[in-house]
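Before any comments, here is the structure.
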Amino acid sequence: MDAPIIVVKQWLKNFDKSPGWFPLLVAITAALELAQVVPRDVTVAGRTVPMSTEIVAGVLTLLLYQIGDAIDELVFKTSTPEGPKTRSRYLARYCISQGDAQKLLGIEDGVYDVSLGLANASEKIRTTLWIHFFNEWAKFLRALIVPLIGVAGWCVGKGRFGWAVVALAGAGGLTWIYPLLKTTHIRRLYKTIPTLMGAEYKRRNLADLRMFFWKGTLVGSAVAVPAGQLTVKALSVSRDAVAPDGSDVRLLSAIAGGSMAHFELASGRTSVAVQHRTVEEIWYFIQGTGEMWRQTGDQERIDRVKKGVSLTLPLGTRFQFRSDGVEPLAAIGVTIPPWPGDGEAFPVSGRWTPSPSTIPGGDCGVESV
């Protein structure tokens, strides 16, 4: 009875790795065959060269795959003074899992490549399936965006405006769907890392370099997170994440005992009321005006906050804040110890009804980006 299960599991793992260019090649080949647009031969420099649907389909697949990569740079990332960064709405879908993986591996930059190497090397024993599937299908779908736009243009030229609208709607739909598939792949990849911290996994340090091994084979390396070193970090132009309370977060410096971040809530907005499980915080407001509700034990108070005001959030405090000034309400928060990741903050009943725009799509912890 075990034999069929083993066979099915291995087949699923093989199917998981199926490249996205294969269904694209099949789709293009079928379209060319149906349209009958490929000539049997072409003349190049006075010589007749045989042509086939398979050759044209292969060239178009390669071209569209490369165009899809270029589209990904435009859709999935945004340019900042610090360089290209994942757009915050996509980062929020996997930042908690990314932070957990970074802490377990002891690295920041290069965590995706190292995680991918470990996931591939542990294929025979890991229980998580469908890691690559979502990414490969994301590549397939984004490669169809340009052809659909081309079909829309052809339909307009033929006066078939209804079909042109359908084709453009399809291109827009794929532009919306493929990033969701890609972020699902990244989140599932990072969630695999905690399950691999067993006997087969080894990590070796060489000065500031960390090397990762699976069954004695090197699968990745990255620069270690500095410990006990003097560091500097500038405030980013765009937000790094959305906090569980719905405020925008920009990460600042951190050490082993604590971390610092910039929180901002837009004017007229009310946050989600939350409570922390293990951390305490100190906030110092640097912009805007508003109110902060706090409740712990038999103590409950509402305080006016503005530039120059600081307050504490002891362990177990329920809190909620709102911005009522012309400018966004902004504060610098110190978290002690550093934000541990997924599930640290959870929603509670608050003093005010939170603004719909502040309710995050997921629990994206401050230090998990």
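Read-outs: derived from the displayed coordinates by stated rules, not from any lab. As the structure is a computational prediction, the values presented were derived from the model and not from experiment. Heads up, the Cβs are rebuilt from the backbone with ideal geometry, glycines too, and the neighbour counts pull from every protein chain shown.
Brief remarks on what is shown
- Scaled against 2.2 N^0.38 Å for its residue count N, the alpha carbon radius of gyration of the stretch 257-306 is 1.27.
- Each listed q (0.08 Å⁻¹) maps to a log10 I(q)/I(0) for the stretch 2-194 from the Debye sum over equal C-alpha point scatterers, namely -0.38.
- For the stretch 281-360 versus the stretch 193-220, the inter-centroid distance based on Cα atoms is 39 Å.
- Computed with the Debye formula from one identical point scatterer per Cα of the chain, without solvent, the log10 of I(q)/I(0) at q = 0.11, 0.13, 0.15 Å⁻¹ comes to -0.93, -1.12, -1.29.
- Cross-link partners for Lys191 among the aspartates and glutamates, with Cα-Cα distance under 19 Å and sequence neighbours closer than 8 places in the same chain left out: Asp16, Asp100, Glu108, Asp109, Asp113, Glu123, Glu136, Glu200, Asp342, Glu344, Asp363, Glu367.
- Of the peptides 93-103, 255-265, 211-221, the order by per-residue mean of other Cβ atoms within 10 Å, starting with the highest, comes out as 93-103, 255-265, 211-221.
- Dipole of the stretch 241-368 [Lys/Arg +1, Asp/Glu -1 at C-beta], most positive-end residue of Thr335, Gly297, Leu251: Gly297
- Distance (nanometres) between label positions extended 7 Å along Cα→Cβ at Ser79 and Thr128: 3.4 nm
- In this rough spin-label picture, where each label sits 7 Å from Cα along the Cβ direction, the Val166-Leu315 distance is 6.2 nm.
- In a simple Cβ point-charge model (Lys, Arg +1; Asp, Glu -1; nothing else charged), the stretch 2-194 has a dipole of about 420 debye relative to its Cα centre.
- With distances taken between every two different alpha-carbon atoms, the stretch 241-368 has a Kirkwood hydrodynamic radius of 14.2 Å.
- Taking all Cα-Cα distances within the stretch 102-210, those exceeding 16 Å account for 67%.
- Here each label is just a point 7 Å from Cα along the line to Cβ, and for Asn14 and Thr231 those points are 4.4 nm apart.
- Positive-end extreme of charge dipole, the chain - chosen from Ser236, Val56, Ala45 (charges on Cβ): Ala45
- Dipole in debye (nearest 20) - the stretch 241-368, about Cα centre, beta carbon charges: Lys, Arg +1; Asp, Glu -1: 300 debye
- Greater than 29 Å apart at Cα, pairs in Lys77/Lys124; Lys85/Lys139; Lys77/Lys215; Lys85/Lys124; Lys77/Lys103; Lys124/Lys233: Lys77/Lys124; Lys77/Lys215; Lys85/Lys124; Lys124/Lys233
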